[in-house]
Structures are given as C-alpha cells and as structure tokens.
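Read the structure below first, then the notes.
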C-alpha cells in the first residue's frame, strides 16, 4: 500500500510593535505558534494522519536599511496517513 503524505505550512505570527518607528526588529509570537502547531496536530490526527516530520523554516530581513537578521518564519509539518 502506498503511503499518503500531507504537507502543511504553519506561519509564525509576529507580535504587534508598540511603535510605528521602532528600531527593534519585530518579535515572533512563540505562544501563538505553539497553539497553531497544536491545533494542526489535533486536526490532522482526527483526519487519520500522524506527524512524520517537522522542520523550521528560516528567513532573513534587513531592518531599518542596516541591520540584517534571520528568524523562524514558520514550520513545515509533514503528516503520514495511518493504515486503516
């Protein structure tokens, strides 16, 4: 029987900056990302899938035209359909 896989990207939400002209790079909302990942796991389990792998996706930005940094943009989750 061939395996059936499903891939889902879960983006990491950013916290809203307190100032429009903030000199700090935006912060990621790790708590919300954890809740989104948990919700995806539960939803896929209900559909008969189990988690096969999870990979963080890194991105980069230049902030205020001078400071470059990288951050976790989200996670890529691969699920495998469980045998019936």
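Which numbered condition trips up residue 17, out of (1) at pLDDT below 95; (2) touching a strand residue (DSSP E or B) at 6+ places or on another chain (Cβ under 7 Å); (3) farther than 17 Å from residue 5 by Cα?
Every condition holds for residue 17 apart from (2).
Specify the residue that is nearest to residue 13 (Cα to Cα); the eligible residues are those in the stretch 42-64 that are under 16 Å from the mean Cα position of the chain (by Cα) and in contact (Cβ under 8 Å) with a residue 24 or more places away in the chain.
This residue is 57.
Being under 21 Å from residue 7 (Cβ atoms) and surrounded by 12 or more Cβ atoms within 10 Å (Cβ to Cβ) is the filter here, so list the residues in the stretch 57-81 that pass it. Before you say what the answer is, go through the steps one by one.
Step one: filter the stretch 57-81 for residues under 21 Å from residue 7 (Cβ atoms), giving 57-59, 72-81.
Across the stretch 57-81, the qualifying residues are 57, 72, 73, 74, 75, 76, 77, 78, 79, 80, 81.
Consider residue 25 against the criteria (1) modelled with pLDDT under 95; (2) outside any strand (DSSP E or B); (3) exposed (fewer than 14 other Cβ atoms within 10 Å of the Cβ): it satisfies all of them except one. Which criterion is unmet?
Failing condition for residue 25: (3).
The values are calculated or read from the model by the stated rules, or taken from the named source; none is laboratory data. Keep in mind that what you see is a predicted model, and the values were worked out from it rather than measured. Using ideal geometry, Cβ is built from the backbone for each residue, glycine included, and neighbour counts are taken over all protein chains shown.
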